[in-house]
Amino acid sequence: MAAPPPAGEPGRLARFGVGGIFLLPAVAILGVWILYPTVYTLIRSFFSGTLGEPNILVSYLVDAVSDYDSELLDELESKVRRVKETALRKPPAEER
């Protein structure tokens with residue numbers, strides 16, 4: 001008759017591996033269906049402003065800078081106005 005295997009602590013893989021394999025599909029679905037669209041939407045919202053409507057990121061930047069440095073805010077405003085003026089004057093590129 002063979003001796004029973006020695007009793008001891010299960011290894012890390014035996015202890016956490018089964019649970020990790022069990023949760024892996026749930027984590028993958030969470031990432032694909034919840035996290036990715038949320039992050040994508042958040043990032044796209046920063047770039048969705050047009051020249052006519054204020055961008056929320058710029059509004060937060062103006063609020064933060066105005067509390068500390070009004071000269072920097074004036075310089076930023078003049079640069080934004082120059083860029084907008086050149087963008088409005090520039091004719092659209094011709095499609096070939």
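Test VAL58 against the stated conditions and say whether it is within 30 Å of GLU77 (Cα to Cα), at pLDDT 70 or above, surrounded by 10 or more Cβ atoms within 10 Å (Cβ to Cβ) and of a type in the set (A, V, I, L, M, F, W, C).
The answer is no for VAL58.
Residue-wise test of (1) at pLDDT below 75; (2) surrounded by 10 or more Cβ atoms within 10 Å (Cβ to Cβ); (3) part of a helix (DSSP H, G or I).
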site	(1), (2), (3)
PHE16	no, yes, yes
ALA26	no, no, yes
LEU30	no, yes, yes
GLU53	yes, no, no
SER66	yes, yes, yes
LEU73	no, yes, yes
GLU85	no, yes, yes
PRO91	yes, no, no
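The values are calculated or read from the model by the stated rules, or taken from the named source; none is laboratory data. Predicted, not measured: the structure shown is a model, and the values here were computed from it. We place every Cβ from the backbone using ideal geometry, glycine too, and count neighbours over all the protein chains shown.
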